[in-house]
Amino acid sequence: MASRLVLFILHHCVTGLDAASTVWAPGGSEPFSGAQDRSQKPTTVFWPGVSKTSTSSAAGQSSARSYDDILATADPTDPYARSLVRAAARARLAERRAWLASQKPPAGSRRLQGDSCSLDIVGEMEGKIHGPECYDGYNITGNGTYTAGPGSWGMALQIYTDVVIYGEVTLKGGNLYVDGDLTVVGSLTVVDSGRGLQVFGNLRVEPGARMSFTNVQGAAIIETEQMYVGLGSEISAKDSEVEFYGFVAASNEFICDGCLFSVDSVSGFLFSAALDAGSASFINGAQVAIRQVSVGPWGESGAAIVATDFTIADTEFRIDGCDCVEEACIKINGHMNVVNSNVTMDSFVGCSSAIIAGASAPFAEGEQRGQVNITDSSVVARSMSGSVAVSNNWFILDRTTLLVSGAAADGAGVAQSFTGARIVRSTVNISDVSGFPMGISGPDVHVQSSSVLASHTETRSSGFFFGQRITFENSTLTLEDVHAETGGSAMHAEELIQLVNSTVRAVDCDSQANGGVFSVRPLIPRDSMMQYVFNATDATISAIGTSAVGLGGVLDVFAGVHLERSVLIMQNVRSESGGGIYADGDLEVGGHSELKFTNGTAVGAGGALLVRRGLNVQPESLVEVNNCSARSGGGIFAVSLTVEGQLSVIGARSGEIGGAAEVQGAFLVGTAGSVVVSDASAGLDGGGIRAARVDVYDGGRVSFSGTRSGAGGGALWCGPIVLHRNASVQIENSYAAMAGGGLSGDSLDVSPDASLEIVQAIAGGEGGGMAIVDVVQVRPGGTLIVRDTVADSAGGSIHVGALLLSENATVEVSNGSAVASDGGCIFAGTLESNATLLAVSDCDVSASGGGVFVGRSLVVNGALRTTGTRAKLSGGSVFVAGGNTKVASLEMHTVMGLGPAVAITAESFVRLTSVELIGAQGAMFDLATDSDGEVVVESMNVVVNEKFMKSAASRVSAGSHSISMFCDCGEAWVGGCLAGVEEEEDRTKIRCTSCPLPRSNNRTTSRLINSAMNYGECACPVGTRDLDPSRPSIGASCQLCPTGEYGPRFNASTCDRCPLGRYSSAEGIASPDDCRTCEAGRSSAVLGAKSADDCELCP
């Protein structure tokens, strides 16, 4: 910058003579360029008065031709061509400065207006002053207008010493050239000048002084080494087109110390229109108003201001209208500091950024330049064609308000730093901005104790904040209608995002790629060195109506996510996968954190969130998922899921598997963990959760309600299920179109003091409550309850490969129904129970095994009780199809169906130690073994009700059998109660029955100890006679006593006749008192009178 300004000089110079002056006439000719049409490509210019072949100014000619030739032939849209033009212009200006220096008059030629070293301008004056030699300085006073006279070549005053302007002076049609220092105490006005002001020393504008320039051309309006503008002074320029530089060109330093700096409608053809300085400062209450400035088609960056270092302090600074050819309106090669100031920038055109700092300076190795530091200030930027700032070093806002609206940038919409950005104790409000990215970017972005609002903005890249690492601390971020093309609309980091004690709220934001609000993903895929790349501590995040075309409608990360004491609320979010969150690593929901999703949608997997590794819900934390949907994992998709806090999933839907969650690995519920799933559905397996393995640990609680599956596992589909000590799982109102209306899995292990309860479950296949391929084991103290379940196939309540019940286990299965197959409540390949009681009740099956169906082996060392069971075919209570059966205690109450209550087919033996059957409808049992097998029923008590079919014989088919049975018939049958055995060719029939009517043994109970049916106890009743005493099993041999007779004795072979004086016209009377007495005055003459006609009058 400084090297360029050393070359700086005007080239529109015209020399002439004042008729009243004695002057030195310079030798040679001066470089000159004629007026040019700036709307067209500049025409070729030459040196006036000198031919192209002149030798007196060969160097000048060579430089001019180089500049002019390039200018005439180069393409202004080509950046390289523009750089060549500017380089040639600098060379030409250097030669011009050398030429002017050579024109200094020789000693002794300083007579001007009577040896005066002052000029008093009064009224209207005309002329030219050239070269007074005044070693003590030159003073200009008066109050008037000095017009350049004829032949002055635009050089009204050309003075080679220090100059002080005291009066109120106007220069018209010419310039002021000072080869020394210039001090303005009064005022200087320059109008209609081809050159402006050239000061080859320092320029000082004293407090209260004024300088103004109107319609000035030339190389610059003000050219100086160093310029100081004091408190209350004014400098202004307007309506000017300048050949090279614009208003002020100060090669070393420019200071506006409380001044008024005004630029209006000024253009610099090649360089900045308002200010070009080594360092520039506006301080101590300065007021800066720059309006409608521009550079020509060859212009470089910095249309308004170029400086090495730039300071704005305690200043009102405003730019309205800046037209750039490339890059920035303000170009700072070093640092830019804004302190306690108000900065307004409006209506920029063609500027890739309003401010660029340090982007093109030649820095020494290790030197840190290009920092933008704005402190205790207000910055307003409106209608920007590019970003607000681009810095090679840090971009810092401290206790500052930044308002940006209507910016459209190829780079960052607000600020871009190549080192990092710091926003501290500041307020940032952004609207209607677009960029690449739209907001603030840098390798390291740190926002602390600040408030950021962005609305109606979009990015052609990713992230309002973009960088390698983004830290948001003690701050708030609000986004409304913010859109990104390639990453998170709020933040995109390649390595890390950290939110600490901060609040983020995003409404109607989206990304055309990944991460609707946040994204941590490198542009070039790589593995992270950190486990967690998104960390939120004491943070609150709310996302409403956000989406991503790719992954993560709110958050997308290439590694893990960690939340600690934070709240994330996501509503109406959607994406391809992970409707709210997508993480390639773990998602750790730390203590006292809340993660809530409502109306999340994913086209692929994870309607609320997708975690490629583990989702961990820590103690005293909460995850809520409401009304979310996806093709797979309607609410959650994770490789593993661990819940030690609370997880609630309501109204989740999956087109394929895992209505609430798909867990490809282990689903673990830790101590004090709680999982609630309700109103979830899946098109295939796992209406609630589908997992490879489920472990519910000590104190863990899992609850499912209202879940639906289009295949297996209405609530839960998994591999092994282990309920550890004191764990609890409840399933209610679930449905599966195939197996396992409640749950479907490989195995189930219920540990001591753990419990599983399934209520109101329906399966279109087997296992209305549960379908377990291998083993269900309920250990001591464990509880298994299944009730109100229906299966279209086998196992109305439970369908299992093997059911193992330990001592002191509690198992209750009730109100199950198998519509089209076996096992109304339980269908098991094998069943082994050491439990004190296995209770099965109110079960119904269209085939066999109304209560329990066992395919291979049944062992009950405790008690098996069935109540209210029914089978349409066989085994109204229990059906065993193979293996061997050993039951210590079997209690059956109210067994319905025409088949036997117990139907067992065994290989070697059937051993029933204690059997109680109360209220069976059909036969008591059908027991069979191989031809050399054995059936033993040590004790069987049968209580008969009025529905019991006494004709239904129980059957035993075995090599040997031993049956002990006690029948309690009560008052069920008139014929009394009879227990016995009837041997047939290939089987033995055993019954609780009664004597064939009208016979009766007049008993309510009967005991069988492996003996034949004792019909001998069946006597003909009173009022009858036994016509064939040798056949007591034939009820027809009991004949009613005929009329005139009565039968007072059981099993009598004859009847007694009615006594004299009595008759009987009825059959089957049992007592003489039942014979009617003849009318008074009449008496029967013989015994056995049959009617009243047999009664004769007494003599």
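Since every read-out is calculated from the coordinates, none of them should be taken as a lab result. What you see is a predicted model, and the numbers here were worked out from it, not measured in a lab. All Cβ positions, even for glycine, are placed from backbone atoms using ideal geometry, and neighbour counts span all protein chains on display.
So what are the ³J(HN,Hα) numbers for segment 507-512, from phi and the Karplus equation (6.51, -1.76, 1.60; θ = phi - 60°), rounded to whole Hz, Gly and Pro as x?
Taking θ as phi minus 60°, the curve returns 10, 6, 10, 7, 10, 7 Hz for segment 507-512.
Which residue, PHE518, VAL623, VAL504, has the largest displacement toward the positive end of the dipole of segment 497-650 when charges sit on each Cβ (Lys, Arg +1; Asp, Glu -1)?
The listed residue farthest towards the positive side: PHE518.
At VAL1086 and GLU982, where each label point lies 7 Å from the Cα along Cα→Cβ, what is the point-to-point distance in nanometres?
Result: 4.4 nm between the two label points.
If you take all C-alpha pairs in segment 120-260, what percent of them are over 24 Å apart?
19 percent
Please report the projected area of segment 780-924's Cα convex hull averaged over all directions, in nm².
6.6 nm²
Given H placed 1.01 Å from N in the peptide plane, which residues other than close sequence neighbours of GLN198 have an amide H under 5 Å from its amide H?
Under 5 Å from the amide H of GLN198: LEU176, TYR177, VAL178, GLU223.
Largest first and in whole Å, what are the equivalent-ellipsoid semi-axes of segment 840-939 based on the Cα gyration tensor, each being the root of 5 times an eigenvalue?
Computed over segment 840-939, the values are 20, 14, 11 Å.
If you take the beta carbon distance between PHE418 and ARG526 as r and set R0 to 30 Å, what does 1/(1 + (r/R0)^6) give as a FRET efficiency, to the nearest 0.05?
Rounded to the nearest 0.05, the efficiency is 0.90.
Sort the following peptides by mean Cβ neighbour count (other Cβ atoms within 10 Å, averaged over residues), highest first: 541-552, 481-492.
Descending packing order for the listed peptides: 481-492, 541-552.
Would you work out the charge dipole size for segment 497-650 about its Cα centre, treating the Cβ of every Lys and Arg as +1 and the Cβ of every Asp and Glu as -1, and quote it to the nearest 20 debye?
300 debye
Once amide H atoms are built 1.01 Å from N in the peptide plane, which residues 5 or more positions from VAL790, or in another chain, come under 5 Å H to H?
ALA761, ILE762, ALA763, SER817
Report Rg(Cα)/(2.2 N^0.38 Å) for segment 649-774, keeping two decimals.
In units of the 2.2 N^0.38 Å rule of thumb, it is 0.89.
In debye, nearest 20, what is the charge dipole magnitude of segment 611-724 about its Cα centre with +1 on Lys and Arg Cβ and -1 on Asp and Glu Cβ, if you could check?
Computed charge dipole of segment 611-724: roughly 280 debye.
How large is ³J(HN,Hα), in whole Hz, for each residue of segment 992-1004 in order, when computed from phi with the Karplus curve 6.51 cos²θ - 1.76 cosθ + 1.60 and θ = phi - 60°, using x for Gly and Pro?
9, 9, 10, 5, x, 4, x, 5, 6, 9, 6, 10, 9
Roughly how many nanometres apart are two label points built 7 Å out from the Cα toward the Cβ at SER449 and SER1065?
Going by the 7 Å Cα→Cβ label model, 12.4 nm.
Packing-wise, with mean Cβ within 10 Å as the measure, how do 1048-1057, 799-808, 982-991, 862-871 rank, highest first?
862-871, 799-808, 1048-1057, 982-991
To check you understand DSSP bridge types, tell me what percent of the beta bridges within segment 420-545 (both residues inside) are antiparallel, rounded to 5.
Given both bridge residues lie in segment 420-545, the antiparallel proportion sits at roughly 0 percent.
When 1/r is averaged over all different Cα pairs and the result inverted, which Kirkwood radius in Å belongs to segment 941-1060?
Result for segment 941-1060, one decimal place: 15.2 Å.
Taking just the C-alpha trace of segment 244-347, give me its Rg and Dmax in Å.
Rg, Dmax (Cα atoms, Å): 12.1, 36.
According to the Cα gyration tensor, what semi-axes, each the square root of 5 times an eigenvalue, does the equivalent ellipsoid of segment 824-866 have, listed from largest to smallest in whole Å?
18, 13, 5
Just want the answer: with Cβ charges of +1 for Lys and Arg and -1 for Asp and Glu, which residue in GLY1035, GLY1068, THR1004 is farthest toward the dipole's positive end in segment 994-1099?
It is THR1004, whose Cα lies furthest towards the positive end.
State the dimensionless ratio Rg/Rh of segment 856-915 (Rg: radius of gyration of Cα atoms; Rh: Kirkwood radius).
Reported Rg/Rh, Kirkwood definition of Rh: 0.96.
In debye, nearest 20, what is the charge dipole magnitude of segment 885-990 about its Cα centre with +1 on Lys and Arg Cβ and -1 on Asp and Glu Cβ, if you could check?
Here the size comes out at about 280 debye.
Would you pull out the residues with amide H under 5 Å of VAL404's amide H, same chain only if 5 or more places away, H placed 1.01 Å from N?
It is ALA381, ASN429, ILE430, SER431, by chain and number.
Obtain the radius of gyration and the Kirkwood radius of segment 505-654 from its C-alpha atoms and give Rg over Rh.
With Rh from the inverse mean 1/r over Cα pairs, Rg/Rh is 0.93.
Let me test this: with uniform point scatterers at the alpha carbons of segment 994-1099, what is the Debye-based log₁₀ I(q)/I(0) at q = 0.22 1/Å?
-0.98
Sticking to Cα atoms, compute the Rg of segment 480-519 to one decimal and its Dmax as the biggest Cα-Cα distance, whole number, in Å.
Every Cα atom of segment 480-519 included, Rg and Dmax give 10.1, 29 Å.
Per-residue counts of other Cβ atoms within 10 Å, averaged by peptide: what ranking do you get for 272-280, 1002-1010, highest first?
Ranking the peptides 272-280, 1002-1010 by packing returns 272-280, 1002-1010.
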